[in-house]
Amino acid sequence: MATGRGWILRQHCKGLVRAAEEIPWQLRLPPVDTGWASPPAPLDRAPGPYFFRRPSKGSDVMLNPKPSEQSTMCERHCSKTFSKLSMHIEGMPSEILLKIFSYLDAVTLLCIGCVNKRFYSLANDNFIWFRIYSASFSPKRSNWEVNTVEKTTASLSQASLHDKETGYWKKKYIVKQIAAGKTAVTQLLKPVNPYTGLPVKTKEALRVSGLSWVIVLKEKNGKEYIMEQAEFSVNDTSVTVVWHGNNWPRIDKLATLDLCGVTPVFLDRYKVPTKNGPRRRSLVAEYNLTNLTKSTSIGSDRLIRTFCLNPGLLIGLWKKEKEMAFVMANLHFHLLVERSTLGSATVPYMLPPHIPFLDDIDQQYGLHGYQLHVDMHSGGSSYLCGTFRNLFSRKDFIKNGYMKLIVISFKNNAQHLPLIGKVGLCWKTDVFAGCIQNCYMMDVTLLDETEKPFWCFSSPVCMRPATRPSDFFNYRGRHFYVTYIDPVGKVNLELVWMEETEEYYVVSLALYLRIEKVNSWFGTNY
């Protein structure tokens, strides 16, 4: 036994000597003085503390290389070692790799399948994914017999699993996981707020679904930049999402901006979704960045200038460098979760076809029973939030292709409302922060007589000084107006600045709905 152990030790020492000889001579450490007589230096090495090889005649190699050369040599050695290690991993038998993969969860298994083609093929193994599928979606338990995952797997023969194409159970597991997540979120969105006509638990649905948003900036040459959201806040009827940072591409090279919702493929209420896990992307809106002109500018301060792009996108540019400072998106709650999860990376979610609601009342009476919820806010502060019921429009209000709904009349002083607080659009980046005066976010939710959302939007707006003579004879002060237009309708808002109380008063608010929208919604012929 002693002879055997000695032979093994000698072989182990020989292996260590070979490994030491493979270390580059530049990286070897100086000898340590232990008090014992050191062996003579080899003939091809120079005496001294570093054991450098003797340079050949005519060579320019110095005995003491520079630190930069030493770091370069170290990097080469590390790269060679890493390449050898990767070759060893690649050389492992498929059976061993499959055994290792069988201990991974679904998220890790999907990630490791992105390493190379071989790992992708092995990570699609039907045996592994069937065990994961059976563990997550096991059949309902019976009172007479309970089948474990091992019994269920054993009941299927090897031939039956091989009959399926590679990745069959992987696809089935992913599809069922997505469907289970959609079902859980749909249940949360069923209760409706009677004041807004929108889901009550939208905030909870956003948390459960793990929903976040990204913007994809595309240059004219096709290059893309993906920016993760920096922060977001939930308002009464909308969500405000902000992106800011120091690595923005140049604005003059950008062509489009895509706003996308991002959700994790596998939902787990007990775990926070990570950015490195598998995620799905849904296109919400696409914006053209080549048309940033004075017509889209809504306000500025001493540092930035802001531009508004429908629907609800605000872009802030630095005044001096003319570079992007931040991007802010205001997203209305109406079908927000559906638009952010049910689309694809290139095609947005298509709304289900609307079945016209036939109005049995004579058309000469016009529209009636409308309900409006309006919210004016910025930076977590609400300037005006209210609900207006029993809105109607007579037939003589139809002019120039629009039907008018009067919400606040300047002739009725009792309807006039103040804006609470100092009105301004708050913004911030990693370094700076500010507030643009006379600008804010406006959310509009218009319900029809059946209390279903008829027109919903959320957008930044700006109060501009009125140029025409004032009609508000009951108020003295500067007059301002706010105008918003989209394919469904437009909003006209008129305000007065009261010097005595230093606040804005809303003295007129009117909605104008396009006749085409009204006819297609109700099946009428106005």
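Below, the figures for the structure above:
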quantity	calculated
Cross-link pairs beyond the 19 Å C-alpha cut-off, checked among Lys223/Lys320; Lys220/Lys319; Lys201/Lys422; Lys223/Lys319; Lys223/Lys253; Lys190/Lys490	Lys223/Lys320; Lys220/Lys319; Lys201/Lys422; Lys223/Lys319; Lys190/Lys490
Packing-based ranking, highest mean first, of 336-345, 224-233, 422-431 given that Cβ atoms within 10 Å are counted	336-345, 422-431, 224-233
Rounded percent of accessible protein surface that carbon and sulfur make up, region 370-522, 1.4 Å probe	51 percent
Exposure of Thr501 as accessible area (Å², to 10), given a probe of 1.4 Å and all protein chains	80 Å²
About the Cα centre, charge dipole magnitude for region 198-340 (Lys/Arg +1, Asp/Glu -1 at Cβ), debye	180 debye
With every protein chain in place, region 198-340: carbon and sulfur % of accessible area (1.4 Å)	47 percent
Relative packing of 432-445, 298-311, which averages over residues the other C-beta atoms within 10 Å, highest first	432-445, 298-311
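The values are calculated or read from the model by the stated rules, or taken from the named source; none is laboratory data. Keep in mind the model is a prediction, meaning the values are calculated, not measured. For neighbour counting, all protein chains shown are included, and Cβ atoms are generated from backbone atoms with ideal geometry for every residue, glycine included. Accessible surface is based on the protein model in full, side chains and every heavy atom, while ligands, DNA and RNA are left aside. Shrake-Rupley method; radii C 1.70, N 1.55, O 1.52, S 1.80 Å.
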